[in-house]
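The block underneath contains the structure these notes are about, expressed in structure tokens.
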Amino acid sequence: MISLFLGLIIVLLIIIAILYFTIPTLFLYKIKVKTVNGGKVEDAIPIVKGQWFFGNCLTLVKLNNEQLFSYFRQRALQFPNSYLLYIFNYPILNVVNPEYAEQVLNSPLTARKSFLYRPIKEFVRSGLLTSYGKKWHTRRKLITPTFHFSILKEFFEVFKEESERLVDVINSRYANLSVSLDDIVPRFTLDTICETAMGVKLTTYEDGDNYRYNVNQLQNILVGRSLNPCFYNKIVYKLFGNKQTCDNYLDKVHHFSSSIINKRRLDFANKNVGNFPNQDLSLVNEKRRNAMLDTLLIAQMHGQNIAHLDICEEVDTFMFEGYETTSIAVTFSLFMLAVHPDVQEKVYEEIISVTNDVTTLTISDYSQFKYLECVIKETMRLYPSVPFISRGLFEDFKLGDIILPKYSMINIHIYDLHRNPKYFPNPEKFDPTRFMPENMQHRHPFVYIPFSAGLRNCIGQKFAMLEMKVFLVNLLRRFQVLPITKLEDVKFKIGLTLTPTVPIRVEFRQR
Ligand code: HEM
């Protein structure tokens, strides 16, 4: 009797699983790419050959994350004018040429993110990165002044302090040793974004280490889930994934930012900040620095329609977007300098030509580090922190000779755009002079987009560039960076951010 009952349950589960996968698949068969002139789609855009019914599914599921990363690189070389892939009949347009990138990124029809961002939404909910339409527009307008030069000036002080602190840590603990940049750099960028976004110094906050640990764990879990579409469904994730662990970290991380926001709001109320007639943040408190969240708190006090949860989602978005991206760019900048000692020497000469005492540099002095800026830009060309971005269509979209139907997905492969040999001859070569103004004149504006471009470009790009420059100047003034990891050993696996398969190790030698 028991075995009959168990048998029935198993049969029922199998039927549910079959329905679960076939119903959406049948629906996908209605989503069809067309051409403008009614001709064959394969004559208008290359299609990666797949299998009947399954499309490219069977090929892709066999690959591990490292193989997937190189699969997309090979397809970009094979189809330099972009190409279509199919998951069953579901079309995914892969953009690798700047002309298509420009059309996609400039169109309001493609401003919505695809379902690949769904797991991340658990962390950032519908903050600036993941929201769309009117909500996104209002928030973008509200938050933009946070990155104005006058406020950046205050963040600059944080960059300096955190850089100097890290240089001291390297000096006392890591100098002349082989060290993984992963043990140093992410800590710096997380502490920096925490202080600038929330006004909290993690190094002095008693819960700082816990928060840092929880954010790291959460990022790993969310990225892992993003790469496994089976887990996009909440029930499947709950039954077979690590939902409980994920929820546990989410609770802790959300609780941390929420309580900081509440505390700061109380502080503001006590100081009567809400009565200031405008949003002049410099009036808030002469002694205490501004944080990104202040713009939102002040808007709330001025009666704008922004609730506590809205502020939380934006602050969590800053934490998510401003931490790992910057850390990857700094890590690879240091690595490139290490494996190109001639370039490093030129950067060093530039630093000492500007000053002997970097602690006295002002924010405007940093505009003198032109060559360093080229080094960072060239690093982000070869190693863009965000190797691809993804959009979901909610209306038909005409691109070149094809019409992509509603619900299809567009992936823009920034990593491959940056290796276009027409604009970057010998693309694998690290050459900072590519970014000298005279060498950039005839470059397509969408062939280099490490911060994305168009409507939904990165709001924090000036912040990030300044943060990276301050850190590198402070570090390179004191240390010579030598490579331990070999360049040829650095491979990548697929991820939402650029993920090397080996730790990047260097040695910091005192100058
Ligand atoms: C080297 C550092 C950084 C890189 C390479 C980078 C790159 C990007 C990219 C590629 C996007 C577009 C994402 C997409 O369309 O899916 C983006 C969006 C965004 N970034 Fe950054 N980012 C960096 C640093 C920062 C920092 C420091 C902040 C905040 C303090 C920030 C905040 C944001 C936000 C809020 C968005 C969403 C903008 C919108 O949709 O309106 N980013 N970033």
* What would the Debye formula give as log10 I(q)/I(0) at q = 0.05, 0.08, 0.11 Å⁻¹ for the alpha-carbon point model of the chain, no solvent? -> -0.22, -0.55, -1.04
* R140/L4 FRET efficiency (R0 51 Å; Cβ-Cβ; nearest 0.05) -> 0.30
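Percent relative contact order of the chain, based on C-alpha pairs within less than 8 angstrom and at least six residues apart? Each step should come with its number before you reach the end.
On the way: 672 pairs, mean separation 128.7, N = 511.
Here the relative contact order equals 25 percent.
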* Structure fact -> Probe 1.4 Å, all chains present, heavy atoms only: S150 accessible area in Å², nearest 10, is 60 Å²
* **For a label point 7 Å along the Cα-to-beta-carbon line of E428, residues of the stretch 474-494 with backbone N under 18 Å** => 486-493
* Asked: For the stretch 409-511, what relative contact order do you get, as a whole percent, if you take Cα pairs closer than 8 Å and at least 6 residues apart?
  -> 19 percent
* To do: Just tell me which aspartates and glutamates come within less than 19 Å, Cα to Cα, of K40; anything on the same chain fewer than 8 places away is out.
  => D396, D401
* Structure fact -> Packing-ranked peptide list from 108-121, 320-333, highest mean Cβ count within 10 angstrom first, is 320-333, 108-121
* Structure fact -> Any residue on another chain or 5+ positions along whose placed amide H is under 5 Å from the amide H of N56 is listed here as Q51, Y86, I87, F88
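Filter the chymotrypsin sites (Phe, Trp or Tyr not before Pro) in the stretch 1-105 down to the DSSP loop ones having no more than 12 other Cβ atoms within 10 Å, then list what survives. Write out the running numbers ahead of the final one.
Details: sites: F5, Y20, F21, F27, Y29, W52, F53, F54, F69, Y71, F72, Y83, Y86, F88, Y100; in loops: Y29, W52, F53, F54, F88.
Sites meeting the loop and neighbour criteria: Y29, W52, F53.
Leaving out ligands, DNA and RNA, what percent of the accessible area of the chain is carbon and sulfur, probe 1.4 Å?
For the chain, the apolar C and S fraction of the accessible surface comes to 58 percent.
A 24 angstrom limit on the alpha carbon distance is what I want to check against. Which of K121/K252; K32/K113; K141/K234; K201/K462 exceed it? Please list the in-between numbers first.
Working: K121/K252 16 Å; K32/K113 20 Å; K141/K234 33 Å; K201/K462 22 Å.
The pairs that break the limit, which is 24 Å between Cα atoms, are K141/K234.
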* To do: At 7 Å along the Cα-to-beta-carbon direction for both H308 and E438, put a label point, then send me their distance in nm to one decimal.
  => 6.0 nm
* Asked: Could you give me the ³J(HN,Hα) list for the stretch 487-493, computed from phi with Karplus coefficients 6.51, -1.76, 1.60 and θ = phi - 60°, whole Hz, x at Gly and Pro?
  -> 3, 5, 8, 7, 10, 10, 10
* **Whole-angstrom gap from the stretch 196-211 to the stretch 1-21, using each part's C-alpha centre** => 50 Å
* Asked: For the chain, what is the mean residue ellipticity at 222 nm derived from helices alone (per DSSP H run of n ≥ 4: -39500 (n - 2.57); sum divided by total residues; nearest 500 deg cm²/dmol)?
  -> -16500 deg cm²/dmol
* Structure fact -> Taking a ≥ b ≥ c as the square roots of the Cα gyration tensor eigenvalues, with a/c under 1.5 meaning rounded and otherwise prolate when a/b beats b/c or oblate if not, the stretch 123-240 comes out oblate
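So what's the net charge close to R511: Lys and Arg +1, Asp and Glu -1, counting the other residues with Cβ under 9 Å from its Cβ?
Numbers: positive: R477, R478, R509; negative: none.
My count for the surroundings of R511 gives +3.
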* To do: Could you provide, to the nearest whole Å², the per residue accessible area of the chain with probe 1.4 Å?
  => 47 Å²
* To do: Find which of V502, L337, F53 sits farthest along the positive direction of the dipole of the chain, computed with +1 on the beta-carbon of Lys and Arg, -1 on that of Asp and Glu, about the Cα centre.
  => F53
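The values are calculated or read from the model by the stated rules, or taken from the named source; none is laboratory data. Remember, predicted model here, so these are calculated numbers, not experimental data. Cβ sites come from the backbone with ideal geometry, for glycine too, and all protein chains shown count toward neighbours. The accessibility values were calculated without ligands, DNA or RNA, using every heavy atom of the protein model including side chains. Shrake-Rupley method; radii C 1.70, N 1.55, O 1.52, S 1.80 Å.
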